[in-house]
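Student: Have a look at this one before I ask anything.
The values are calculated or read from the model by the stated rules, or taken from the named source; none is laboratory data. Fair warning: this is a prediction, and the values are worked out from it, not measured in the lab. Using ideal geometry, Cβ is built from the backbone for each residue, glycine included, and neighbour counts are taken over all protein chains shown. Just the protein is used for accessible areas: all its heavy atoms, side chains included, with ligands, DNA and RNA removed. Shrake-Rupley method; radii C 1.70, N 1.55, O 1.52, S 1.80 Å.
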Amino acid sequence: MRIRFACCLLALLGVLAVSAIASTPADTLVVGVVEEVTTMDPAIDYTFGSGPFFRAAYERLVTFNTTSGKIEPQLALSWDVSDDGQFYTFHLRKGVTFHDGAAFNAAAVKTAYDRVMTINEGPAWMLTSYVASIDVLDDTTIRFTMKTYPFVPFLRVLSSYWGMCIASPTAITQNAGDDMGKAFFRNHIVGTGPYKLVEWVEGQQMVFERFDGYWGGWTGDHVKRIVLRKILDTTTMALLLESGDLDIAYGIPLDELTSLNGKPGVVVGVHDTFTTNMIAMNTTKGPLADVRVRRALSYSFDYASAMEVFAGYTTPLIGQIPGGMPGHDDSLPHYVFDLDVAKQLLAEAGYANGLTLEYTWVTEEPEGRRVGVLWQDTLRKIGVDLKVTEVTVAGHWDRVSNIATMPDLANYRWGIDYPDPSSVLVPLYHGDNAPPAGYNLSRFADPRVNAVLDASGKEPDETKRLQLLAEAQSLLLTGASNIWITAVPVTVCMRSNVQGYVFEPAAFSSFNFYDIYKK
Amino acid sequence: MARYIVKRLALLTITLLGVLTLTFFVSHVVPGDPARLAAGVRAKPEQVEALRTRLGLDRPLWQQYGRYIAGVVRGDLGESIRTRRPVSADLAEYFPATVELTVFAMILCLLVGIPLGILSAVKRESVIDHVSRVASTAAVSMPTFWLGLLLQLLFFRWLQILPATGRLGFYLSPPTRMTGLYALDSLLSGNWTALGDSLVHLILPGAALAASSIAVITRMTRSSLLEILSLDYVRTARSKGLAEKAVILKHALRNALLPSLTVIGLQVGVLLAGAVLIEVVFSWPGIGLYAVQSITFVDFQAILGVTLITAIVYSGANLIVDVLYGVIDPRIHY
């Protein structure tokens, strides 16, 4: 009896074993992602979770090449900009079809972008702030008339995948309903991209299959299917990658990488993004209204030790513009850790006997806690008592958007909207962009900075523009509105047979699926 | 009995109203501007205001409350600002996954907990009793998420016999949707591959979730059975010459199960609460996961929806337990 039972149990386990071990098929790429997907509508989504599927299935007029820093054609083959910067005319690629068979042409671009601007949610401001009208000149030519011009970064704005993905005009008109197609596009993707969505099991996975009609063709090495699996627990994700159940694991925290380092068949990748981590200092009230105190704090921050928080995978940020973006310059002056200078500056400002400051960090950005605790320790040596407070994302926004509740110091991250330095400097440091209008949390308002930033947005000459950006960064350093910590690294770990992946700091949560294949 | 149930259901309505009212006002005290979060922190102020008006968040709190309760009465739970669709659609999507996990865990509890409790009581101070005591203590004191990770490490990573996450392997599509319970749906549609796969996916999260409840039920069954076994009527039964099996299963167990039943009813709540952690560890797309995300997003309507459905299940389970008392113990009349 017992033996029979044991045999049955063994047989059952055997059956289970067969169904449990499923290393991924050769023509399928299985990617583990942590981010939540709540809508796939390009007119609404404004989250990092959309990177993977937007790039698999949708395309834009132009893309940003990280290596060259240049704008490259995607659905637009070429473009002309009028001398005054008022008109952008795009000559479109021919022979492109959408997943539903609709033809891609100038009218399609207009329909898609008009929809984004009419819905006017989330990312729409990137069009509505700059574009007065979009006109179809002929089947393959479309013209954007600008509201305010010149606005030099406009092509880079168009390379963002938020709001700029072009959806099928047939799908837009047929599913308009009474909500402009929001219900339809929440669950459906109808783009021109290399892969089309075949299944979305909410909260679990998305399955894409190769779109046979893709204009790029299918010669060369590509995968047939892409599966995006949502894995919330990153420890589990690492296990799945190790066992070969995932080809790519995105977003395993830095301090959990030790379990993967040196594992056979696993390649650990850590990359600096264009997202930066900073501490905003409240320049409007209290001791931090005095620039000497802000400078003292800038000298009191141990930049090198703070990198331990990022498991040593990154380096301190020089200037305000992250590395790899035009305008970033490693030779710019920057603050260094020097407690004597800090102490002296505090004494000059009348705080020789010390002071108490509140520092907040956001639950979802855990590096903020460790940065705060490390700093708290250092600050104690110069008589500054740092109160470290945790806030949720919602609580953070509540506090920083109101001048009365804004803490002395707020740790935060800023991810760019489009790959241009203006997407860092203008929302964070232009005087017009204090919350809720923008993200200038420190309410830093220096007319010279404003003037230089305004000028840099209008300067078509790249060399002159870079000079203006360098000037802006020096001025910001003097104003010491923030403590600039680092560019936030992300992890993209993969099986060693995955080839062709190129990391893009501007679109770090996405993948160049069309170029990825398995050996 | 029928009158009793009707009375209880009427009371339940009042309880639910109370729960909703409390949750409504408490969740509105929590810091955070839902319109701002829904529009995105980079949205322009006018976009935020437009969204606030559309969602009715610009009205006074009492008006929002009135509108919400009126909606609930009509069966409209409002729209989630995070997922941008009716909360009822979200619950229909995510709740079945939790139900499946909880029911599976409950079945494990009953199948393991009660027999193990009986065995420990009958073979008191035997090896099996000691082992079950140690195992119970360990299961109760171990954090659920940690046990989940341990099980993954053992059965997925080392033994490689059970999957670690999700409800189905990525190579399978969910079965035709009828109840939303994958195992049941695949059984009903005769999709045997999906049935096997979904059951296999249930084992680890189900076991991790059930562990502490199994322990509680085992200990409860053991102690109440021991108490009953020392009573006079059991001695009488034995002295009548009844087989020990009949004495225990027919005479003693029925009475011993009463306290266990109360515990089992309470465990429904424990399992639902534990599901939150287990769902995160096993990427199980259930209501726990949905609740966690809704709370971070100050998604009021979604939080209220989850609260409502959890309250209904919890009170429902208690009602069923009370009715079962009457069935098991003829002295109890309603």
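Student: Out of all the residues in the range B:294-315, is one or more open to solvent by less than 30 Å² (accessible area, probe 1.4 Å), of a type outside the set (A, V, I, L, M, F, W, C), closer than 30 Å to B:Leu150 by Cα and out of contact with any His (no Cβ under 8 Å at 6 or more places or on another chain)?
Tutor: yes
Student: Additional query: Of all residues in the range A:427-441, which are within 18 Å of B:Ala39 (Cα to Cα) and either out of contact with any strand residue (DSSP E or B) (no Cβ under 9 Å at 6 or more places or on another chain) or among the aliphatic types (A, V, I, L, M) (or both)?
Tutor: Scanning the range A:427-441 gives A:Asn433, A:Ala434, A:Pro435, A:Pro436, A:Ala437, A:Gly438.
Student: Now for a different question. With respect to B:Tyr94, determine if the residue is in contact (Cβ under 8 Å) with a residue 40 or more places away in the chain and open to solvent by 30 Å² or more (accessible area, probe 1.4 Å).
Tutor: Criteria not met by B:Tyr94.
Student: Quick check on my filter: what residues within the range B:31-83 are among the small types (Gly, Ala, Ser), without any contact (Cβ under 8 Å) to a residue 60 or more places away in the chain and more than 10 Å from every other protein chain (Cβ to nearest Cβ)?
Tutor: B:Ala35, B:Gly56, B:Gly66, B:Ala70, B:Gly71, B:Gly75
Student: Just checking, how many residues over the range A:367-382 are in contact with a Phe, Trp or Tyr (Cβ under 8 Å, 6 or more places away or on another chain) and touching a residue at least 40 places away in the same chain (Cβ under 8 Å)?
Tutor: Total meeting the criteria: 5.
Student: Within the range A:209-234, work out how many residues are touching a residue at least 24 places away in the same chain (Cβ under 8 Å) and either within 12 Å of another protein chain (Cβ to nearest Cβ) or within 29 Å of A:Val309 (Cβ to Cβ) (or both).
Tutor: Counting residues in the range A:209-234 that are touching a residue at least 24 places away in the same chain (Cβ under 8 Å) and either within 12 Å of another protein chain (Cβ to nearest Cβ) or within 29 Å of A:Val309 (Cβ to Cβ) (or both) gives 9.
Student: Please specify each residue of the range A:139-155 satisfying the condition of being farther than 22 Å from A:Phe104 by Cβ, open to solvent by 10 Å² or more (accessible area, probe 1.4 Å) and in contact (Cβ under 8 Å) with a residue 24 or more places away in the chain.
Tutor: A:Tyr149, A:Pro150, A:Phe151, A:Val152, listed by residue number.
Student: Oh, and also: So, of the residues in the range A:161-179 that are at pLDDT below 95 and over 25 Å from the mean Cα position of the chain (by Cα), which turns out to be farthest from the other protein chains (Cβ to nearest Cβ)?
Tutor: A:Ala176
Student: So which pairs qualify, if the first residue must be in the range B:284-299 and facing another protein chain (nearest Cβ under 8 Å) and over 11 Å from A:Ala394 (Cβ atoms), the second must be surrounded by fewer than 24 Cβ atoms within 10 Å (Cβ to Cβ) and among the polar types (S, T, N, Q), the Cβ gap must be under 8 Å, and the two must be at least 6 apart or on different chains?
Tutor: Pairs that qualify, where the first residue is facing another protein chain (nearest Cβ under 8 Å) and over 11 Å from A:Ala394 (Cβ atoms) and the partner is surrounded by fewer than 24 Cβ atoms within 10 Å (Cβ to Cβ) and among the polar types (S, T, N, Q), are B:Pro285/A:Gln204.
Student: Mind checking which residues of the range B:157-178 are part of a loop (DSSP other than H, G, I, E, B), within 7 Å of chain A (Cβ to nearest Cβ) and under 22 Å from A:Glu242 (Cα atoms)?
Tutor: Of everything in the range B:157-178, those that are part of a loop (DSSP other than H, G, I, E, B), within 7 Å of chain A (Cβ to nearest Cβ) and under 22 Å from A:Glu242 (Cα atoms) turn out to be B:Gln160, B:Ile161, B:Leu162, B:Pro163, B:Ala164, B:Thr165, B:Gly166, B:Arg167, B:Gly169, B:Phe170, B:Tyr171.
Student: Condition first: open to solvent by 40 Å² or more (accessible area, probe 1.4 Å), within 14 Å of chain B (Cβ to nearest Cβ) and within 28 Å of the chain's Cα centre (by Cα). Can you find one or more residues in the range A:72-83 that meet it?
Tutor: No, every residue in the range A:72-83 fails to be open to solvent by 40 Å² or more (accessible area, probe 1.4 Å), within 14 Å of chain B (Cβ to nearest Cβ) and within 28 Å of the chain's Cα centre (by Cα).
Student: Quick one: which helices (runs of 4 or more DSSP H) lie wholly within the range A:222-313 and hold at least 1 residues that are open to solvent by less than 50 Å² (accessible area, probe 1.4 Å) and in contact with a Cys (Cβ under 7 Å, 6 or more places away or on another chain)?
Tutor: A:234-243
Student: Given the structure, is A:Thr356 touching a strand residue (DSSP E or B) at 6+ places or on another chain (Cβ under 6 Å) and closer than 30 Å to A:Phe64 by Cβ?
Tutor: The answer is no for A:Thr356.
Student: Something else about it: Out of curiosity, is B:Ser88 over 18 Å from the mean Cα position of the chain (by Cα), polar (S, T, N, Q) and open to solvent by less than 30 Å² (accessible area, probe 1.4 Å)?
Tutor: Against the criterion (over 18 Å from the mean Cα position of the chain (by Cα), polar (S, T, N, Q) and open to solvent by less than 30 Å² (accessible area, probe 1.4 Å)), B:Ser88 does not qualify.
Student: Further question: Within the range A:406-419, does at least one residue satisfy the condition of being closer than 27 Å to A:Ser509 by Cβ and without any contact (Cβ under 8 Å) to a residue 24 or more places away in the chain?
Tutor: Within the range A:406-419, none of the residues are closer than 27 Å to A:Ser509 by Cβ and without any contact (Cβ under 8 Å) to a residue 24 or more places away in the chain.
Student: Using beta carbons and a limit of 9 Å, which pairs, at least six apart or on different chains, have the first residue in the range B:1-30 and closer than 30 Å to B:Leu57 by Cβ and of a type in the set (S, T, N, Q) and the second one part of a helix (DSSP H, G or I) and open to solvent by 90 Å² or more (accessible area, probe 1.4 Å)?
Tutor: Taking only residues 6 or more apart or on different chains, the pairs are B:Ser27/B:Ile295.
Student: Of all helices (runs of 4 or more DSSP H) completely enclosed by the range B:1-96, which ones contain at least 2 residues that are at pLDDT 85 or above?
Tutor: Because the criterion is at least 2 residues that are at pLDDT 85 or above, the helices (runs of 4 or more DSSP H) in the range B:1-96 that meet it are B:2-29, B:45-55, B:61-73.
Student: Next up: Could you tell me which of the residues A:Ala404, A:Ala349, A:Ala445, A:Ala451 is of a type in the set (A, V, I, L, M, F, W, C) and either farther than 17 Å from A:Asn282 by Cβ or within 11 Å of chain B (Cβ to nearest Cβ) (or both)?
Tutor: A:Ala451
Student: Can you tell me which condition B:Ile128 does not meet? The list is (1) modelled with pLDDT under 90; (2) in a helix (DSSP H, G or I); (3) touching a Lys or Arg at 6+ places or on another chain (Cβ under 9 Å), and all the others hold.
Tutor: (3)
Student: Residues that are more than 14 Å from every other protein chain (Cβ to nearest Cβ) and closer than 25 Å to A:Ala56 by Cβ: does the range A:116-139 have at least one?
Tutor: no
Student: Quick check on the range B:155-184: of everything there that is of a type in the set (S, T, N, Q) and touching a residue at least 60 places away in the same chain (Cβ under 8 Å), which residue is nearest to A:Gly32 (Cα to Cα)?
Tutor: B:Thr165
Student: What's the total number of residues in the range A:175-205 that are within 21 Å of B:Arg82 (Cα to Cα), in contact with a strand residue (DSSP E or B) (Cβ under 8 Å, 6 or more places away or on another chain) and aromatic (Phe, Trp, Tyr)?
Tutor: Final tally of qualifying residues: 1.
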